[in-house]
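The next block holds one structure in the form of structure tokens; read it before the comments.
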Amino acid sequence: MSKIDPSNRFTPEAVKSAGDGGKAAKADKLNKIAQEVASQYRRDTMSPVMVSGVLRLVELALLFGSGMLIYGTQVGFFSHLGWQYPLIILAASAAAVLIFEIMDCYQLQSLLRPGTAIGRIAVSWATTFAAMAVVAFFMKVSADFSRLLFAEWFFTGLVLAVGLRLVMARIIRRWARNGRMERRAVIVGGGKAAEALIRSIEQQPFNDIRICGIFDDRDDRRSPPIVAGYPKLGTVSQLLEFARIARIDMLIVSLPLTAETRVLQLLKKLWVLPVDIRLSAHSNQLQFRPRSYSYIGSVPMLDVFDKPINDWDSVAKRAFDIIFSLFGIIVFSPVMLATAIAIKLDSKGPVLFKQKRHGFNNEIIEVFKFRSMYADQSDPTARKSVTKNDPRVTRVGRIIRKTSIDELPQFFNALFGSLSLVGPRPHALAAQSHNLLYNEVVDGYFARHKVKPGVTGWAQINGWRGEVDNHEKIRKRTEFDLYYIENWSLWFDIKILFLTPIRLLDTENAY
């Protein structure tokens, strides 16, 4: 497959099949060019927020480590003022990082141009030492500490801080060139408004936005197939499929605020995606207070939707999953071993049952469960829901389903990353309510997949588990799942996790 870079200029002939608003492609299927572009962006990128966050931690460690090393060589570890020196060195290192932050030394433009930040780094580091000197003077303890030690640390720390930025500048430039560190954006809406927006974004210095293409429902007469060198890849409905393949960070809707009906129609389709959605305010006549906007450089945007769990929140949630999954596997390993033996003695077939379900961003994942049905009657697609006294369920299966022991192998799913411990429960691909797929019953059903599905969830501990035998049950599940997504926090996850064993005592709907 040939590599296509959407930042290059495209000819009308090259995108003829892509730019007709869907005439050359079936309703929601991507055309060939859109598929090739999407395939280039399958790999995750490194968020600038995460990079600058890691840099803060590295810098804190460098400053503290250098201070402690000098303390050890000049004074001797814990030989004089054994706890005071480490405490002061740690406090000064943390204060320096905080002052660097205040002085914008961690902004992307500062990291890319370290020469312009050297003065601010020096002033910030000197301010830290001046503050230490003032505190020591008023506390009348300055004579107790080695001036030579702090002088040596001052120059060593300054060299390390400047050197770190010189190294990071080269690394970030390399990441930016090879696409490892960028924010990928898709423009929704074409024409002159989109062209003006693209030109403005491209003119921003130290721009980390990579525009991947344009999607617009209008035909070529009203929306040209190429805008500012970027191809129109399809319709808004096809954008949903595109965003399922490519790792997109942001959708920028380039429509006037006065086109209220059309904007609302677009947002109703797009909000199910796990991306930031911004409404371009670049060419709008309506003016809001400055705090109402976010910015790409100096280009104003109105925030409509944010990706629910992003950057450091995602790191915290992943760490939570790993720690508690390992804990769960260790604690419940005797139960899982006994269950495996019981299943093997009760009926023929494998111990584990693997089922394909919808995961994050509608990806297909394989979920592990203990087998609770006869092997020759199992239903991998879950087209037919399990009902009370279902003859397909084995004797052991009735017990483990009622107690939710059959779900314990999903600790391994959470450990490996296809599931989270807490989140909307993943449903099977063909799960139905009265011969209708769940997404046909609930408008916006796929918004549940804006986060990773979970072993347990807010809907389950509120009683919405078990058989889905009417439309209201799947609507209620979705309602609680969306509430969880909109109100997520680590404390919310902890609350759900610890409430789960209590709520599992109610087995009325579990069979």
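The numbers here are math on the coordinates, done by the rules we state, and not lab data. Computed from a predicted model, the values in this text were never measured in an experiment. So basically every Cβ, Gly included, is an ideal-geometry build from the backbone, and we count neighbours across all protein chains shown.
The H on the amide N of L421, modeled in the peptide plane, is under 5 Å from the matching H of V455, each at least 5 residues off or on a different chain.
Counted residue by residue at 0.36 nm each, then reduced by the alpha carbon distance between them, the extension gain from R247 to D144 reaches 31.4 nm. Phi angles of segment 68-84 translate, via the Karplus equation with coefficients 6.51, -1.76, 1.60 and θ = phi - 60°, into HN-Hα couplings of 5, 5, 5, 4, x, 7, 7, 10, x, 4, 6, 8, 9, 6, x, 9, 5 Hz per residue; Gly and Pro are given as x. If R0 equals 45 Å, the separation of the Cβ atoms of R392 and K495 corresponds to a calculated FRET efficiency of about 0.80. Amide H contacts of R210: R183, R184, A185, each under 5 Å away and 5 or more positions distant or on a separate chain (H built 1.01 Å from N in the peptide plane; Pro and chain starts excluded).
In this rough spin-label picture, where each label sits 7 Å from Cα along the Cβ direction, the Q377-V331 distance is 3.4 nm. Between F353 and K369, F370, R371, the built amide H atoms are under 5 Å apart, and every one of these is 5 or more places off in sequence or on another chain.
As a ratio to 2.2 N^0.38 Å, the alpha-carbon radius of gyration for the chain is 1.20. In a simple Cβ point-charge model (Lys, Arg +1; Asp, Glu -1; nothing else charged), segment 48-178 has a dipole of about 540 debye relative to its Cα centre. Helical content of the chain, expressed as a calculated mean residue ellipticity at 222 nm, amounts to -15500 deg cm²/dmol (DSSP H runs of 4 or more residues, -39,500 (n - 2.57) each, divided by residue number, nearest 500). Hull volume per residue, based on the alpha-carbon atoms of segment 312-503 and their convex hull, is 110 Å³. Maximal additional length on extending the F78-R503 stretch stands at 147.8 nm, based on 0.36 nm per residue less the C-alpha distance.
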